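Notes follow once the structure below has been shown.
The values are calculated or read from the model by the stated rules, or taken from the named source; none is laboratory data. Since the structure is predicted, the reported quantities are computational estimates derived from the model, not experimental observations. Cβ atoms come from the backbone with ideal geometry, glycine included; neighbour counts cover every protein chain shown.
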Amino acid sequence: MESCLIVGATRGIGAELARQYAADGRRVIGTFRQAAIGAQLAALGARALPADVLADGWAPELGRALAGEALGLVIINAGVAGARSEHVEAPDRSSFDTVMRTNVLASMQFIPVVAPLIAAGGKLVVISSRMGSIGNAGDPSWWLYRASKAALNSVLKSASFDLGSRGVVCMALHPGWVQTDMGGAAAQLSVAESVTAMRRVIAAANASHNGRFLNYNGEQLEW
């Protein structure tokens, strides 16, 4: 059975993705940073692998741990929001490095490593955000986070040309406004609702979806 790999399966959307796919009988591999979370993944029946996307050499190390796996689905979910900003405010170097390394560099490091392990007809998904849409931008809030997700979208689009040529469908997905640490309790969607909807989009995706930016409900989003 082809496996489902979730990079960043420690909490929120990533943890729910692991739970739902495992509950459906899918063979799940999830990455974690804290041992306690790794134990929770293992309790679901998932293969739990340590990975800290801010650590040097993490991508090749994870690639070696995945040697021999046939991956039907790879979801890169690792991400951070950084400090909230309401206006155009200069981020400090530490915040910039953390957000950009987590949200952008991690995918650029890992996609070339994992690409050969994705089976023909498989799917690569990055969890992006509507905030990364330049065309839909309406205010300057969260501008560091917005910049990172716009960059992630560019990374996904570029990868879609290489991977799409051998039948891999690459997509950026916006999970909606979700009740997570970032979204807050007033958000429109529960984590379970968001993940259930995104799974429908992923399952229905075909070659025509390669290189597209989609909402959790399947709606096409503007780059």
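Annotations
- Check on residue 133, modelled with pLDDT of 95 or more and within 22 Å of residue 15 (Cα to Cα): no
- Flag if residue 147 is within 21 Å of residue 95 (Cβ to Cβ) and outside any loop (DSSP other than H, G, I, E, B): yes
- Pairs, first part of a loop (DSSP other than H, G, I, E, B) in segment 163-174, second surrounded by fewer than 23 Cβ atoms within 10 Å (Cβ to Cβ) and among the hydroxyl-bearing types (Ser, Thr, Tyr), C-beta under 9 Å, six or more apart: 168/160
- Every residue from segment 210-223 that is over 13 Å from residue 122 (Cβ atoms), touching a strand residue (DSSP E or B) at 6+ places or on another chain (Cβ under 8 Å) and touching a residue at least 12 places away in the same chain (Cβ under 8 Å): 211, 212, 213, 214, 215, 216, 221, 222, 223
- The residue of segment 55-84 that is nearest to residue 9 (Cα to Cα), among those that are in contact with a Ser or Thr (Cβ under 8 Å, 6 or more places away or on another chain) and either loosely packed, with under 15 Cβ neighbours inside 10 Å or not hydrophobic (A, V, I, L, M, F, W, C) (or both), is 79.
Yes/no matrix, rows are residues, columns are (1) under 24 Å from residue 167 (Cα atoms); (2) outside any loop (DSSP other than H, G, I, E, B):
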| residue | (1), (2) |
| --- | --- |
| 36 | no, yes |
| 42 | no, yes |
| 67 | yes, no |
| 121 | yes, yes |
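- Against the test of being under 25 Å from residue 167 (Cβ atoms) and part of a loop (DSSP other than H, G, I, E, B), the options 82, 72, 63, 25 yield a single qualifying residue, 25.
- Among residues of segment 172-223 being under 19 Å from residue 15 (Cα atoms) and charged (D, E, K, R), the one that is surrounded by the fewest Cβ atoms within 10 Å (Cβ to Cβ) is 181.
- Index of the failed condition, residue 146 passing every other in (1) under 27 Å from residue 71 (Cα atoms); (2) under 16 Å from the mean Cα position of the chain (by Cα); (3) modelled with pLDDT of 95 or more: (1)
- Residue tally, condition under 21 Å from residue 122 (Cβ atoms), acidic (Asp, Glu) and at pLDDT below 95, over segment 149-193: 0
- Subset of segment 91-137 (residues that are more than 15 Å from residue 154 (Cα to Cα), of a type in the set (Lys, Arg) and in contact with a strand residue (DSSP E or B) (Cβ under 6 Å, 6 or more places away or on another chain)): 123
- Out of 107, 160, 133, sole residue that is within 13 Å of the chain's Cα centre (by Cα) and of a type in the set (Ser, Thr, Tyr): 107
- When residues of segment 85-102 are limited to those that are without any contact (Cβ under 8 Å) to a residue 12 or more places away in the chain and outside any loop (DSSP other than H, G, I, E, B), the one surrounded by the most Cβ atoms within 10 Å (Cβ to Cβ): 97
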